[in-house]
Amino acid sequence: MDELTKMNGLVTLVMPVYNAEKFIREAIDSIIKQTYSNWELIAVNDNSKDDSLVILKEYQEIDSRIKVYSFEENQKPAIVRNFGITKAKGDYIGFIDADDICFEDRLEVQVNFLKNNSTIDLCGGFWLRFGKNINYEQAYIKEHNEELKLAFIYENYIGNSTVLARKKVFLSNVFNPEFVPMEDYELWTRIIMKHNLYNIQKPLVKYRLHDNNISDTIAVDYEGVKNSIQLKYLKNIGFESDDDELKYLKKGLQIGRAEGYKELEKTLFAVHKFEAFQNENHFFDKELIQKTINQNIDFYFKRLSSHKLKFMFFILKEQYRYFKILSIKTKVKFVLKSIFRGL
């Protein structure tokens, strides 16, 4: 290991392991092959029933940078990762699942980025999905901190296996097992309250899809967990909402299926309430919110599936701000259809 690599800091990667004997060699080999060599791997066996622990011990004998721990009872990934964090000696802490594969320059790219961007405390990046008849499909993600702050209202754009963060980030922020299997999403929504996040626009990890992914093996209401995370995030920033309001706010912030005028009316109410909150609290980037909402509202008006003359008058009187931002083409289309179809 050269002196420059030592000076750049030790990286700790935490790897939860459960029944991963089919894939774990590829995962560990991808870490050993890293172009950045100043790392340690905290591999935590979560009471596997296969030969995962045997394989881990083999690698521990070969490479002193690999530290193996084992639970006698299954704890699930959130608790396992938290345990790994307590054992980390690195200046940076990141994660990799036992069925995923790191690109060889992953750590070098991320360490260099964090060294050169002192205001960023956590970075992720692109991941390529493969397996289950998918041949390296790239997941496109939001890049900048302000984009992520807004997007967390409706989706998680930080891939857990791509994360590398400064150690200080995890001194007061750890995974909450109440939100399995989306505990990473919930954690990022807390971290972004105090730290700047960024997604490197480059593939860092290959994410394997298979029948034993935790998302396929845990019986849970995924949409319910996701909504609870989003509502909690909004509450933490001071915005009170319920499931119904959240549904329509998400439509206003992320283009979805075009529907009728009744749905659009609910979307406009949710967006108006959110904009009023933003005008007082300024938590999100003003220009980004305006651009996002304007584009999406124009989309919904343009593709409105049902029309009522009464709704047109409501828009012109009560919600003129949203009519005003429509393109000329959309305005004309909306008015004509409201008159001739809404009678």
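The values are calculated or read from the model by the stated rules, or taken from the named source; none is laboratory data. No experiment lies behind these values; they were computed from the predicted model shown. Reconstructed Cβ throughout: ideal geometry from the backbone, glycine too, with neighbour counts over all protein chains shown. When the accessible area is computed, the model is the full protein with side chains, heavy atoms only, and any ligands, DNA or RNA have been set aside. Shrake-Rupley method; radii C 1.70, N 1.55, O 1.52, S 1.80 Å.
Quick notes on this one:
- Pick from the stretch 138-191, criterion more than 15 Å from the chain's Cα centre (by Cα) and among the basic types (Lys, Arg), ranking: most open to solvent (accessible area, probe 1.4 Å): Lys168
- Which listed residue, of Lys251, Lys194, is under 13 Å from Ile153 (Cα atoms) and of a type in the set (D, E, K, R): Lys251
- On the stretch given as the stretch 119-137, residues that are open to solvent by 50 Å² or more (accessible area, probe 1.4 Å) and in contact with a Phe, Trp or Tyr (Cβ under 6 Å, 6 or more places away or on another chain) total 2.
- Some residue of the stretch 250-269 being among the hydrophobic types (A, V, I, L, M, F, W, C) and out of contact with any helix residue (DSSP H, G or I) (no Cβ under 8 Å at 6 or more places or on another chain): no
- Taking the stretch 249-262 as the range and being open to solvent by 40 Å² or more (accessible area, probe 1.4 Å) and charged (D, E, K, R) as the test, the residues that pass are Arg257, Glu259, Lys262.
- Any hit, the stretch 136-144, residues being assigned to a strand (DSSP E or B), aromatic (Phe, Trp, Tyr) and within 17 Å of Phe175 (Cβ to Cβ): no
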